[in-house]
1. Dipole size in debye (nearest 20) for the chain around its Cα centre, Lys and Arg Cβ +1, Asp and Glu Cβ -1?
2. Pairs to check: Lys123/Lys240; Lys2/Lys240; Lys172/Lys224. Give those whose C-alpha atoms are more than 25 Å from each other in this structure.
3. What is the extension gain from Ile83 to Arg268, computed as 0.36 nm multiplied by their sequence separation minus the C-alpha to C-alpha distance, in nm to one decimal?
4. Over the chain, with a Gaussian network built from C-alpha contacts below 10 Å, which listed residue (Ala209, Ala191, Ala158) shows the highest mean-square fluctuation?
5. What ranking do 222-228, 30-36 get when scored by the average of other Cβ atoms within 10 Å per residue, highest first?
6. What is the Rg over Rh value, at two decimals, for the stretch 79-134, using alpha-carbon atoms and the Kirkwood definition of Rh?
7. Taking every Cα atom in the stretch 55-188, find the radius of gyration and the maximum pairwise distance Dmax, and write them in Å.
8. Is any residue of the stretch 150-192 close enough, with backbone N under 15 Å, to a label point placed 7 angstrom from the Cα of Glu208 along the Cα-Cβ axis, and if so, which?
Amino acid sequence: MKRNLHLLIIDPQNDFCDLPASYLPDNPATRARHAPALPVPGAHQDMLRLAGLINRGRAGLTAISITLDSHHRFDIAHPTFWIARDGAPVAPFTEISAADVRAEKFLPRHPAALPLALNYLDKLEAAGRYRLMVWPVHCEIGTWGNNVHDDVRAAYGAWEEASLGIVAKLAKGSNPWTEHYSAVMAEVPDADDPDTQLNTGFIATLAEADQVYIAGEAGSHCVKATVEHIVEHLGQPLSKLVLLTDCISPVAGFAPQYQAFLQAMQARGVQLMQAADVLPELLANASRGLGTDPA
């Protein structure tokens, strides 16, 4: 009998990929080429390996889900939200704490946003997972950077045609008042916004799978946050979760956090594999579907 093998791809988007020049189309609005806003070193090769795995093992995949980081230009984690004490813009990769804001080192550009921002920062820091990081404007809804890496998109498109299936697309991050690294829930859920709250339906879908292969970007942030939340809420043996370590890379400067995450997940029972290790499982599953493998 064919097994339920689910591939979860986290944020395989242009803005996160260190794409070569041949992948960068012209932008007629600026008369320059598009360029990734937040390229992760190694991500392009990750996506090529992942696309190859999908293409070679597609008949063995039961389901594919893709998460899509999807932000507005005005967002609490973008420079557009903040201003420095002297009126200067706040540079990307600046960390902002609640204490910084109370000391007026950094302030929201819109004065009315101050109580909301402080409330968010207090709750974020109390959770102990992250401090607010100001990122370059990235994965803006409707932009080239929000789109999926071309090879991955072509590979999952071929899977859809061959299987007569639909790749599930899960958007995250459109609420500008909370960071949403994880595909499962925002860092500080908004009681008035169901899209920021725990996605129990998606967790239930993963629970139905015999194996869940996880790839995407970036290993230090969105992959890490998503997998941590899945592990916390899945309520099943965690050996069914498989991190494809050669299809994941960390943001530059965050390799130690990524390695600590891998070690912590492995200690919990999550498997660490590479694409070449997974391909035989997919091919064997395809054979079961054809009835050529009685196992």
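Only the coordinates and a few stated rules stand behind these numbers; no lab work does. These numbers were taken from a predicted model, which means no experiment stands behind them. Here the Cβ positions follow ideal geometry from the backbone for every residue, glycine too, while neighbour counts run over all protein chains shown.
1. Dipole magnitude for the chain comes out near 260 debye.
2. Lys123/Lys240
3. Fully extending the segment from Ile83 to Arg268 adds 62.5 nm.
4. Judging by the Gaussian network model, the answer is Ala191.
5. 222-228, 30-36
6. A ratio of 0.93.
7. 18.6, 59
8. Under cut-off, by backbone N: 165-169.
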